[in-house]
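See structure below.
The values are calculated or read from the model by the stated rules, or taken from the named source; none is laboratory data. Remember, predicted model here, so these are calculated numbers, not experimental data. All Cβ positions, glycine included, derive from the backbone under ideal geometry; neighbour counts span all protein chains shown. SASA here: full protein model, heavy atoms, side chains in, ligands and nucleic acids out. Shrake-Rupley method; radii C 1.70, N 1.55, O 1.52, S 1.80 Å.
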Amino acid sequence: MIGEVLLWAAIAIIVMAGCYNTTLFVLSRRRMRRGRGPRRPRLYVFLLACLNEERVLGESLARITALPAGNFMALVIDDASDDGTAAIARAAAERAAPGKVQLLQRHLPNARKGKGAALNAGIRHLRLSGLLDGYDPSEVIVCVVDADGRLDQHVVQAVDPYFDDPRTGGTQIGVRMYNRDKGLLARLQDMEFVIYGDIFQSARRYIGSVGMGGNGQFMRLAALDSLIGPDGGGPWSDSLTEDLDLGVRLIARGWVNQHCTHAAVSQQAVLDVRRLVRQRSRWFQGHLQSAGLVPLILREVPTRAAVDLLYHLSSPVLILLTSLLPLSFLVALGGTVVGSVEAGHALISPWWVLGPYVLSFTAAYIYAFVYSRREKGLGLLRAVLLSHVFILYGYIWFAAGWWGLWRMLTGKQTWLKTART
């Protein structure tokens with residue numbers, strides 16, 4: 001009896017989520033027209049918060065300094081690294097044009113307090129150093145790039161028109177895995193980010209609930225300034241998912257978040273399952289922390305966007321409940337087998353096979369269509385096969401979810417930084 005209740009409860013959750021996600025897919029296929037306002041020269045500032053990033057930082061800075069953009073600079077925030085991160089930043093500064101690469105070194109005990117704290121220190125340094133003197137905060141665009149982030153060369157040209165609208169507070173670009181050919185796990189992570197960007201983020205442009213990501217987020221400095229509280233703290237919070245928190249608070253302040261589908265930042269996929277689950281447990285725990293944003297959403301965000309944001313914030317609960325589906329299915333199947341033995345004939349119908357497939361893998365065909373449009377050389381058939389594996393790959397969120405919940409219940413708030421290779 002308990003197994004059947006759990007089974008039907010999980011099925012109801014999957015069906016409701018599937019209907020909502022299908023609606024987002026339909027919205028994501030619409031073309032969005034952008035109004036053009038007066039063009040102004042803008043300063044682009046790229047912030048790279050680094051903790052022991054000597055393996056990947058050099059390539060990322062080389063790509064930034066080679067951008068065909070006029071007025072820009074990169075600020076490397078060395079968060080008390082004990083490797084050669086600072087030396088690589090200095091070497092990049094020597095190779096680049098004067099002033100294009102800046103270095104801020106933080107030291108213990110004030111450093112290593114999370115990505116948000118490092119980014120806030122970067123903004124304070126920009127102001128106190130005079131690097132922003134003479135610039136209108138409305139025309140300064142701050143971009144957060146992970147140390148392994150490799151920006152498309154046309155990224156500034158792709159993003160800049162979005163800020164012609166004075167209401168635009170932030171613009172998030174797509175995210176790809178530059179090592180997606182290094183195995184199935186890397187390919188599935190690439191597919192995950194493409195699906196999230198091309199379906200969910202694209203649809204949320206029409207809802208008004210586009211979120212900011214931890215890599216490739218462009219924000220107007222004036223919008224960041226609007227998030228600074230009376231205590232003088234920085235715009236980023238100490239949440240483990242400071243990007244999610246920032247995006248919601250921008251919307252609550254009346255800013256519009258955009259999603260740019262014409263440019264992307266490529267990052268390094270995690271090639272080890274344990275490290276991947278560890279990374280996702282941090283994201284999951286950060287989502288749980290974001291439950292504190294619910295009163296702000298209910299109070300300040302328009303209804304349509306608020307509904308989607310609340311659904312998005314409820315995803316940890318939905319994941320934990322859905323994780324019970326495989327167990328409840330096995331319990332129900334075991335009960336049916338026992339009943340079949342007692343009845344002397346089979347009680348299992350074809351729906352025991354067809355039903356779970358329809359519930360679990362219908363979305364795979366949508367995912368294959370979307371991903372094959374990004375990966376032209378993959379082909380639709382291979383994309384369909386890959387998307388079936390992708391559905392099973394999603395089970396890592398079950399392990400990450402329970403791990404993240406355990407960390408939160410036991411009071412563990414340490415930053416689980418993903419090591420680079």
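Screening GLY58, GLY84 for residues that are open to solvent by less than 30 Å² (accessible area, probe 1.4 Å), assigned by TED's automatic domain parsing to the domain that holds ALA117, more than 20 Å from LEU131 (Cβ to Cβ) and over 27 Å from the mean Cα position of the chain (by Cα) leaves exactly one candidate, GLY84.
Residue under question is ARG180, and the condition is that it be outside any helix (DSSP H, G or I) and open to solvent by 30 Å² or more (accessible area, probe 1.4 Å); does it hold? Judged against the criteria, ARG180 is a match. Residue count for segment 110-163 under the criterion of being of a type in the set (S, T, N, Q) and either closer than 13 Å to TYR44 by Cβ or in contact with an Asp or Glu (Cβ under 7 Å, 6 or more places away or on another chain) (or both): the result is 1. When segment 300-321 is filtered for residues that are among the hydroxyl-bearing types (Ser, Thr, Tyr) and either open to solvent by 50 Å² or more (accessible area, probe 1.4 Å) or touching a residue at least 24 places away in the same chain (Cβ under 8 Å) (or both), the ones remaining, listed by number, are THR303, TYR311, SER315.
Looking across segment 152-175 at every residue that is of a type outside the set (S, T, N, Q) and touching a helix residue (DSSP H, G or I) at 6+ places or on another chain (Cβ under 6 Å), the one that is nearest to GLN267 (Cα to Cα) is identified as VAL175. Being among the hydrophobic types (A, V, I, L, M, F, W, C), assigned by TED's automatic domain parsing to the domain that holds ASN257, more than 17 Å from GLY214 (Cβ to Cβ) and modelled with pLDDT under 95 is a property that ALA111 has. Residue check: is TYR365 out of contact with any helix residue (DSSP H, G or I) (no Cβ under 7 Å at 6 or more places or on another chain), modelled with pLDDT of 90 or more and open to solvent by 50 Å² or more (accessible area, probe 1.4 Å)? Against the criterion (out of contact with any helix residue (DSSP H, G or I) (no Cβ under 7 Å at 6 or more places or on another chain), modelled with pLDDT of 90 or more and open to solvent by 50 Å² or more (accessible area, probe 1.4 Å)), TYR365 does not qualify. Here ARG127 clears all of (1) at pLDDT below 95; (2) within 27 Å of the chain's Cα centre (by Cα) except the condition numbered (2).
Right, GLY35: open to solvent by less than 80 Å² (accessible area, probe 1.4 Å), out of contact with any strand residue (DSSP E or B) (no Cβ under 7 Å at 6 or more places or on another chain) and modelled with pLDDT under 95 or not? Here the answer is yes, as GLY35 does meet what is asked.
Quick one: which residue in GLY169, GLY208 is surrounded by 23 or more Cβ atoms within 10 Å (Cβ to Cβ) and touching a residue at least 60 places away in the same chain (Cβ under 8 Å)? Show your work before the answer.
Details: GLY208 fails: surrounded by 23 or more Cβ atoms within 10 Å (Cβ to Cβ).
Unique residue meeting the criteria: GLY169.
Every condition in (1) assigned to a helix (DSSP H, G or I); (2) within 18 Å of PRO166 (Cα to Cα) is met by LEU188 except one, and the failing one is (2). Which condition does VAL76 not pass, out of (1) touching a Ser or Thr at 6+ places or on another chain (Cβ under 6 Å); (2) crowded, with 18+ Cβ neighbours inside 10 Å, if it passes all the others? Failing condition for VAL76: (1).
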